[in-house]
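**Q** Quick one: structure below, then a few questions.
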Amino acid sequence: MHTYARSRAAFVRGQGALLFDADGKSWIDTLGGLAVNALGHAHPRLVAAIAEQAGALIHTSNLYRQPLGEQVALRLSRLSGMHAAFFANSGSEANETALKIARKYQQQQGRSERIAFIALEQSFHGRTTGAVAVTHNPKYREPFGPLIGPVHFVPPNDVAALRKAFDCGPAALILEPIQGEGGLTTLDEAFLTCARELCDGTDTVLIHDEVQCGSGRTGRFLASQWSAAQPDLVTLAKPLAGGLPMSVVLANAKFEGVLVPGDHGSTFGGGPLASRAALVFLEELEEGLLDTVQARGAQLAQGIDELVAKHPVVVERRGRGLIQGLKLERGAAALATECFATGLVVGTAGGEVVRLLPPYVITEQQLSTAFEILDAALTKIQAQ
């Protein structure tokens, strides 16, 4: 079905942070499969683990113990400080699960009337009916209504609007600490702290969607770990299994027992193949890759700041770590097109933002070359 406005380009292989087409032309990949390929392409350890696991056991279902999934859950608990995990396959599914947990929790507390959700303007939480209901962009929601709700949207970092929204008696508040599709807006500490206090005061479930900004992308395992305000539930996906489909909802101790047998499920969630890949990714993070993310993130910030100073069309830098971008006055799509033509893959996000989500393994030299391409592309589109 014609659901994607695809480029005519087709990649046939990759190596690290490089992509190649059938003619051997190469690109530096600073989009990473939309924040998925944290270990880059053809990572030797990941390839070997997937091949070995495929030769042993790919799938058994959740009717039986999943020892590899249990190992992943334990590592995630240690890295995140959370207490329980539910595995699925995509960010949409993880967010859908979190919304269901919030509704079930309110019913358990005898508050079945508390069915509303609060979400943020510029948010993106997925394409399933629950996840799209709390996604702000009307073009994603309106063709599929009526959706679950009511949903009240508030501007990011508007504390007064957030306080007012709680008058609806919500089941949950869902937010992205760094908005991905919405333009890389970073939620400030005052807003995150207010959200935590409001949820505590009203027994509202606080959900952090870290599908794009989590799993080490900011230099800490969770983007929320830069804040003193911690969530009740956090959703992760994209890079979690190194490129294979995997997502998870992590719950703190208060919410780990809300779902009971029969409440929810996933045929493939936490299966052997994806779990084996996830163990490689998490082991790489704990063996020094997070330090590399911090170093490359600092390089990314410096490079963007230099572009802001040099090119009037670049308004500001947004984001943190290896989820950063350039806010332009205009021309984000044209800049992305020009970069692609000269060997650099970048993305765009809402509000004229060029989005950079490179693999965690991108080298210092590759990132320097990426900035040379960006600089030349900005000069060209400004002249036009």
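The values are calculated or read from the model by the stated rules, or taken from the named source; none is laboratory data. Treat the numbers as computed from the prediction; the structure is a model and nothing was measured. Virtual Cβ from ideal backbone geometry, glycine too; neighbours counted across all protein chains shown.
**Q** Of all the residues that make up the range 20-50, how many are under 21 Å from Ser368 (Cα atoms) and part of a loop (DSSP other than H, G, I, E, B)?
**A** 7
**Q** Give the number of residues within the range 107-118 that are buried (at least 23 other Cβ atoms within 10 Å of the Cβ) and polar (S, T, N, Q).
**A** Summing the residues that are buried (at least 23 other Cβ atoms within 10 Å of the Cβ) and polar (S, T, N, Q) in the range 107-118 gives 0.
**Q** Test Tyr64 against the criterion of being more than 30 Å from Val205 (Cα to Cα), more than 20 Å from the chain's Cα centre (by Cα) and not assigned by TED's automatic domain parsing to the domain that holds Ile323, and give yes or no.
**A** So Tyr64 fits the description; yes.
**Q** So, one more: Can you pull out the residues in the range 51-74 that are in a loop (DSSP other than H, G, I, E, B), in contact (Cβ under 8 Å) with a residue 24 or more places away in the chain and within 15 Å of Phe87 (Cα to Cα)?
**A** If the condition is that a residue be in a loop (DSSP other than H, G, I, E, B), in contact (Cβ under 8 Å) with a residue 24 or more places away in the chain and within 15 Å of Phe87 (Cα to Cα), then His59, Thr60, Ser61, Asn62, Gln66 are the ones that fit.
**Q** Considering only the range 143-191, how many residues are of a type in the set (A, V, I, L, M) and assigned to a strand (DSSP E or B)?
**A** 7
**Q** Continuing with the same structure: What about Ala5, is it hydrophobic (A, V, I, L, M, F, W, C) and either at pLDDT 95 or above or part of a helix (DSSP H, G or I) (or both)?
**A** Judged against the criteria, Ala5 is not a match.
**Q** For the range 267-384, give me every one of the strands (runs of 3 or more DSSP E) that falls completely inside it and has 3 or more residues that are surrounded by 15 or more Cβ atoms within 10 Å (Cβ to Cβ) and touching a residue at least 60 places away in the same chain (Cβ under 8 Å).
**A** In the range 267-384, 314-320, 323-328, 353-356 are the strands (runs of 3 or more DSSP E) which contain 3 or more residues that are surrounded by 15 or more Cβ atoms within 10 Å (Cβ to Cβ) and touching a residue at least 60 places away in the same chain (Cβ under 8 Å).
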